[in-house]
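Peer 1: This structure is in structure tokens; I'll ask about it shortly.
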Amino acid sequence: MNDMTGRIQKALSGFYYVDTGETVLQCRARGKFRKEGISPLVGDRVEVRELGGGEGVVEKILPRQNSFSRPAVANIDQLVVIASAAIPRTDPFLIDRVASIAALKDCAVAVVLNKCDLDPADALYDIYRASGFPTLRVSAETGAGMEELKSLITGKLSAFTGNSGVGKSSILNALDSNFRLQVGEVSMALGRGRHTTRHVELHRLSCGAEVVDTPGFSSFDAEELDLELKRRLPETFLEFTPYLGECRFVGCSHTREKGCAVLAALSRGDIQKSRHASYLRLYEELKPLRDWQEKK
């Protein structure tokens with residue numbers, strides 16, 4: 001029996017598949033995790049004990065950079081939000097909602113506009129470039145922008161997300177032809193539609209990137225809209241940061257107050273209107289939360 005470290009690639013039916021760099025071990029987790037109310041997550045770096053025959057036990061979860069509840073992933077370097085101005089068109093609020101959740105967890109965000117052979121997505125491109133996000137135009141159909149996207153993700157663990165039908169799997173297939181085989185194998189094993197992502201899995205691409213393919217935006221549900229996000233919402237809109245200490249009143253909500261530096265920046269065009277509209281919508285969603293409702 002050997003002890004070694006690795007990263008969890010996928011979790012299915014109580015088994016954790018841990019890539020040690022030499023092999024992938026099918027592991028159970030020690031019972032102590034359940035007692036402590038901790039679950040190993042895809043992306044976790046873990047210590048495992050090899051039992052032989054390709055099996056092992058997860059002994060310890062190493063300290064996390066960050067973690068998300070739904071989708072259940074850890075140690076994400078950046079969230080790559082796939083969006084589109086073609087059908088299905090992406091609502092900017094969906095991008096802003098997940099970007100705010102990611103910022104709270106010190107996770108970078110990039111916006112990738114797919115289907116640019118059908119629609120160049122000028123409005124979305126301008127909004128997110130102006131707001132400080134790395135923003136790329138790509139086409140999984142023609143291959144446009146794929147080299148730039150490879151540069152953005154190489155050497156990092158990225159989670160790909162986006163509204164259903166926007167082309168996450170198509171982009172991953174365009175980045176690495178072997179990914180199509182991985183998707184097919186998983187789908188055959190699960191008896192599911194080939195291009196429908198129902199579980200979370202980490203894939204290593206030939207360009208040296210690691211990516212987690214997740215279900216769509218709906219998976220970032222209310223579990224992540226918590227009291228901490230309510231308290232820190234303004235700072236999760238990164239382009240607000242230069243103005244947050246400049247408002248006339250302490251505790252300014254940046255919604256309608258006189259002397260608000262954020263609203264002044266908005267009126268000058270230094271903050272994008274759709275971004276502030278998303279901030280207001282999230283502010284209203286989070287408003288009913290009270291301190292006693294802190295997530296257990």
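Peer 1: Of the numbered conditions (1) part of a helix (DSSP H, G or I); (2) free of Cβ contacts under 8 Å to residues at least 12 places away in the same chain; (3) over 15 Å from I127 (Cα atoms), L280 satisfies every one except a single condition; which is it?
Peer 2: Going through the list (1) part of a helix (DSSP H, G or I); (2) free of Cβ contacts under 8 Å to residues at least 12 places away in the same chain; (3) over 15 Å from I127 (Cα atoms), L280 breaks only (2).
Peer 1: Another question about this same structure. If I filter the range 84-116 down to residues being of a type in the set (V, I, T) and part of a loop (DSSP other than H, G, I, E, B), which single residue comes out as farthest from I38 (Cα to Cα)? I'd like the intermediate steps shown before the answer.
Peer 2: Filtering the range 84-116 for residues of a type in the set (V, I, T) gives 87, 90, 95, 98, 101, 109, 111-112.
Restricting the remaining residues to those that are part of a loop (DSSP other than H, G, I, E, B) gives 87, 90.
Numbers: I87: 40, T90: 35 Å.
Per the stated criteria, the residue is I87.
Peer 1: Could you check, for the range 21-37, whether at least one of its residues is of a type in the set (V, I, T), closer than 25 Å to L79 by Cα and not in a strand (DSSP E or B)?
Peer 2: No.
Peer 1: Right, something else. Does the range 41-83 hold any residues that are of a type in the set (A, V, I, L, M), open to solvent by 10 Å² or more (accessible area, probe 1.4 Å) and not in a loop (DSSP other than H, G, I, E, B), and which are they? Talk me through it step by step, then tell me what you get.
Peer 2: Pass one, the range 41-83, residues of a type in the set (A, V, I, L, M): 41-42, 46, 48, 51, 57-58, 61-62, 72-74, 76, 79-83.
Still in the running and open to solvent by 10 Å² or more (accessible area, probe 1.4 Å): 41, 51, 57, 61-62, 72.
Answer for the range 41-83, where residues must be of a type in the set (A, V, I, L, M), open to solvent by 10 Å² or more (accessible area, probe 1.4 Å) and not in a loop (DSSP other than H, G, I, E, B): L51, V57, I61.
Peer 1: State the number of residues belonging to the range 1-35 that are free of Cβ contacts under 8 Å to residues at least 24 places away in the same chain, over 16 Å from E55 (Cβ atoms) and surrounded by 10 or more Cβ atoms within 10 Å (Cβ to Cβ).
Peer 2: 2
Peer 1: Further question: Restricting attention to the range 128-153, which residues are open to solvent by 30 Å² or more (accessible area, probe 1.4 Å) and within 16 Å of the chain's Cα centre (by Cα)?
Peer 2: Initially, the range 128-153 is screened for residues open to solvent by 30 Å² or more (accessible area, probe 1.4 Å), giving 129-130, 132, 134, 137, 141-144, 147-148, 150-152.
Those that are open to solvent by 30 Å² or more (accessible area, probe 1.4 Å) and within 16 Å of the chain's Cα centre (by Cα): P134, L152.
Peer 1: Among the residues of the range 240-254, how many are open to solvent by 30 Å² or more (accessible area, probe 1.4 Å), more than 17 Å from F133 (Cβ to Cβ) and out of contact with any Asp or Glu (no Cβ under 8 Å at 6 or more places or on another chain)?
Peer 2: Looking only at the range 240-254, we keep the residues that are open to solvent by 30 Å² or more (accessible area, probe 1.4 Å), and these are 241-246, 248-251.
Filter once more, so that each one left must be more than 17 Å from F133 (Cβ to Cβ): 243-246, 248-251.
Pick out the ones that are also out of contact with any Asp or Glu (no Cβ under 8 Å at 6 or more places or on another chain) and you get 243, 245-246, 250-251.
Qualifying residue count for the region: 5.
Peer 1: Could you tell me which residue of the range 215-239 is most open to solvent (accessible area, probe 1.4 Å), considering only residues that are at pLDDT below 95 and among the polar types (S, T, N, Q)?
Peer 2: In this case the residue turns out to be S218.
Peer 1: What do you reckon, is G43 under 27 Å from the mean Cα position of the chain (by Cα) and modelled with pLDDT of 95 or more?
Peer 2: Values: under 27 Å from the mean Cα position of the chain (by Cα): yes; modelled with pLDDT of 95 or more: yes.
Yes, satisfied.
Peer 1: State which residue pairs qualify: first residue touching a residue at least 12 places away in the same chain (Cβ under 8 Å) and inside the range 122-134, second residue small (G, A, S) and open to solvent by 30 Å² or more (accessible area, probe 1.4 Å) in any location, beta carbons under 7 Å apart, and separation of 6 or more residues or different chains.
Peer 2: Close Cβ pairs (under 7 Å, with a partner that is small (G, A, S) and open to solvent by 30 Å² or more (accessible area, probe 1.4 Å)) amount to I127/S274.
Peer 1: Go through the range 117-161 and give me each residue that's part of a helix (DSSP H, G or I) and small (G, A, S).
Peer 2: A123, A130, S151
The values are calculated or read from the model by the stated rules, or taken from the named source; none is laboratory data. Small disclaimer: the values here were computed from a predicted structure and weren't measured. Methodologically, a virtual Cβ is constructed for each residue, glycine included, from the backbone with ideal geometry; neighbour enumeration extends over all protein chains shown. Just so you know, the surface numbers come from the protein's heavy atoms only, side chains and all, with ligands and any DNA or RNA stripped out. Shrake-Rupley method; radii C 1.70, N 1.55, O 1.52, S 1.80 Å.
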